[in-house]
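Colleague: Below: one structure in structure tokens.
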Amino acid sequence: MSDYADLELILTRWDKESYRVELRYSQPGSEADTRLDAPATARLDRVALRALELQPDAYGKALGASLFGDAQIKTMFAQARASAQAQNLDLRLRLSIDPTAAELHELHWETLRDPSDNSSLVTSERILFTRYLAAQDFRPVKIKPQKDLRALVFISNPTNLGDLDGFAPIDAAGELERAQKALGNLTVTTLAPHEFATLNRLVEKLRDDIDILYLVAHGAAGAAESVIFLQDDTGKLHDVAASALVTRLNELQDPPRLVVLAACQSANMAAATDNDRALASLGPRLASAGVPAVIAMQGNITMQTVAQFMPVFFRELSRDGQIDRAMAAARAAVRDNADAWMPVLFLRLKNGKIWYVPGFGGDKAAFQKWPALMAAIRKGRCTPILGPGLSESVFGSRSALAARWAKKYSFPLAPYAAEDLPEVAQYIAVDQARFLVHDELEQALKQELERRFGLQLAPALQNAPLTELVHAVGALTRQNAHDPYAVLAHLPFPVYITTNPDSLIIDALQAAGKEPQVELCQWNDNITTQALAQTASSFVPDEKHPLVYCLFGQYSDSDSQVITEDDYFDYLIGVTSNKDLIHHEVKRMLTDSALLFLGFQLDDWNFRVLYRSIMSQEGGNRRKNLPHIAAQIDPAEGRLIEPERARKYLENYFGNADISIYWGSAEDFIKDLEKQGGNQ
């Protein structure tokens, strides 16, 4: 997926007059980075640079000369660029300023010049310059297919704006027309003619699953923090503090993935003396609060520059979803303008993309395997294995739940581990009690179901048990013709293997007129749901009477659920030491049918333990002879695995079996499956 090498430039205070400069270089596919062996420092004279603010070219040259004044820094930068070019890779140049050097945020880094030839480092599509701000929001960033992206164009033009000196009315109609044209084929939401651009209205519209917010308004740098001029309920000016707007956006379940602020002073970081003031304006605050990508303005940008910049940015974004590349192209389009340096991009997306194209990656041969997959399904020689991503649209993200628990119980380990549900659950079980994990899980899932579907559920279900809520919600979601469970239930699978403790596939099969037999894997001695624990030894599943095999338990039996790290280890020990724990028909299908993984991340516990369960069964040689194992990989920013690497990864896992990697969500795959005739 990536044709970029990464060069992170980190600035930290060294002494009163200089800053330590650290360069970290990494290439695609490498987990290691290359760093300077010895400390290198730079003297950045903010007073001298401030005197050049009206001369962007001179400013950029002086800034480049200061930053790359140390020969080590200049050499390292040249080596990184040469290494990338030798491998035909473009270079991502990511600026990260340590809190100890907060005053450096005020510098106009977007004017930066190459020390070797004084060419611009921010207008080339071969060197993509961005600023990085660490965020305290550990929610995973889900990316969508391009066709599913939704944008909100929100224009604030208060009726009494003329009362303020220096602020001309906004050409709302012209801005809207330009924005809609620039956004191309995206689904665009705007204000209705009778609606005013109030803060409440903005939040209301963002709840409608908005991916891109394009906000056009005037702004100003306040005494303590910047403000943005929205409207009140009568259409008049309402100056909203940056902190107030950020608070409201941060409260959203799914904030926008990209916020574009066509507003003056929305990234004003001048005269910063401490970290709070340096990042007090709206753009940096949004980035620090967790919005993955923010474009804002460092000064009073002219509407002419905005009108030239934005169409280029959105047009280029629509080409490949690459935010930083689109930013470079837009900067190049306004490079001759005196205020060309004002747009700034804060980006914490590792691969810089806001959308992806579902499918089998770049492997054209993979598309030829649809007939083989469909033939296996029709003959009952394909087994779907259902992962947590399949039910995420119902229950929410497991990593988001883990992050909430980590915060609630002061999880003490590394921040990235706070997204790992088994690890956080293990901590709670040890620090508090194991039963509390189950109580918290049931309560969290009930709250999520009520939040997402409460208005559609009968009042009598308000205090219903979790299992009843799941039944009711499943009936609602199956009304969607593309509901993955409904589609899967109508296919002639004799065996369904699920790692999810819910009953959604069971309910869908019953709704499809089938009579599923449900069995739990008895991985521990405390499982008491005997009705689900065993099937008759003579039972042979078929299309009308499929077997639903629950590997990791059901919500109806808390002792059967696999949640904590210890649960996963105990499960693995159980199924590997006692080969008879796995149902004989399940063992046969694991070796004699194509395996269709739906809703898994390759690095999550469900997949890793599931893999070990499969590999511990006999018949691995027969598995190698299968025409394919189709694996669907759900893309999430920060956990992206390139299709070719993922394919090799699974080949090693499954003993060089023939594997096709589908790049997209479970819902994407189901839709493509339907197009191939999978719903017939």
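Colleague: Please list, ordered by chain and number, the residues whose modelled amide H lies under 5 Å from the amide H of A40; skip anything fewer than 5 residues away on the same chain.
Modeller: When sequence neighbours closer than 5 places are left aside, the close amide H contacts are V21.
Colleague: Return the inverse of the average 1/r over all pairs of distinct C-alpha atoms in the stretch 141-352, which is the Kirkwood hydrodynamic radius, in Å to one decimal.
Modeller: That comes to 17.1 Å for the stretch 141-352.
Colleague: State which entries of K142/K408; K587/K671; K144/K369; K407/K579; K144/K236; K144/K181 exceed 31 angstrom in Cα-Cα distance in the structure shown.
Modeller: Pairs exceeding the cut-off: K407/K579; K144/K236.
Colleague: Something else now. Placing unit charges on C-beta atoms (Lys and Arg positive, Asp and Glu negative, everything else neutral), compute the dipole magnitude of the stretch 141-352 about its Cα centre in debye, rounded to 20.
Modeller: 820
Colleague: Right, another one. Can you give the charge dipole size of the chain about its Cα centre, rounded to the nearest 20 debye, using +1 on the beta carbon of Lys and Arg and -1 on the beta carbon of Asp and Glu?
Modeller: About 1500 debye.
Colleague: Then there's this: Gap in Å between the Cα centre of the stretch 539-589 and the Cα centre of the stretch 418-455?
Modeller: 22
Colleague: Find the centroid of the Cα atoms in the stretch 223-253 and in the stretch 157-212, then give the distance between the two in whole Å.
Modeller: For the stretch 223-253 versus the stretch 157-212, the Cα centre distance is 14 Å.
Colleague: Near the amide H of V259, under 5 Å away, which other amide H atoms are found, from residues 5 or more places off or on another chain, if H is placed in the peptide plane?
Modeller: Here L213, A293, V294, I295 satisfy the definition.
Colleague: Would you mind listing how long the stretch 104-188 runs along its three principal axes, going by Cα atoms, in whole Å with the largest first?
Modeller: Over the stretch 104-188, Cα extents along the principal axes are 50, 41, 31 Å.
Colleague: Each residue of the stretch 490-507 in turn: what ³J(HN,Hα) in whole Hz from Karplus with 6.51, -1.76, 1.60 and θ = phi - 60°, glycine and Pro shown as x?
Modeller: 8, 8, x, 8, x, 9, 10, 10, 10, 9, 9, x, 8, 9, 4, 6, 5, 5
Colleague: K514: which lysines have alpha carbons under 16 Å from its alpha carbon, excluding same-chain residues fewer than 8 sequence positions away?
Modeller: The qualifying lysines are K544.
Colleague: Pop out the ³J(HN,Hα) list for the stretch 176-186 in order, Karplus 6.51 cos²θ - 1.76 cosθ + 1.60 with θ = phi - 60°, rounded to Hz; leave Gly and Pro as x.
Modeller: So the J values, rounded to whole Hz, are 5, 4, 5, 5, 5, 5, 5, 6, x, 8, 5.
Colleague: Radius of gyration and Dmax for the stretch 4-132's Cα atoms, expressed in Å?
Modeller: Rg then Dmax for the stretch 4-132, in Å: 14.1, 44.
Colleague: Let me ask something else. Starting from one equal scatterer on each C-alpha and no solvent at all, send me the Debye-based log10 I(q)/I(0) for the chain at q = 0.06, 0.07, 0.11 Å⁻¹, two decimals.
Modeller: Once normalised to I(0) and log-transformed, intensities are -0.39, -0.53, -1.17.
Colleague: Relative to the Cα centre, what is the charge dipole magnitude of the stretch 329-435, using +1 at the beta carbon of each Lys and Arg, -1 at the beta carbon of each Asp and Glu, and rounding to the nearest 20 debye?
Modeller: Dipole magnitude for the stretch 329-435 comes out near 460 debye.
Colleague: Mind checking which of W341, A241, N300 is farthest towards the positive end of the stretch 141-352's charge dipole, using Cβ charges of +1 (Lys, Arg) and -1 (Asp, Glu) about the Cα centre?
Modeller: W341
Colleague: Under a straight-distance cross-link criterion of Cα-Cα below 28 Å, which lysines are reachable from K61, leaving out those fewer than 8 residues away in the same chain?
Modeller: K16, K74
Colleague: Taking 2.2 N^0.38 Å as the expected size of a compact globular protein, what ratio does the Cα radius of gyration of the stretch 367-494 give against it, to two decimals?
Modeller: Dividing the Cα radius of gyration by 2.2 N^0.38 Å gives 1.33.
Colleague: Please give the calculated 222 nm ellipticity per residue for the chain, where each DSSP H segment of at least 4 residues contributes -39500 (n - 2.57) and the sum is spread over every residue; nearest 500 deg cm²/dmol?
Modeller: That calculation yields -10500 deg cm²/dmol at 222 nm.
FYI, it's all coordinate maths here, none of it is from the lab. Not measured: the values here are computed from a predicted model. Here the Cβ is made from the backbone with ideal geometry for all residues, glycine too, and neighbour counts use every protein chain on show.
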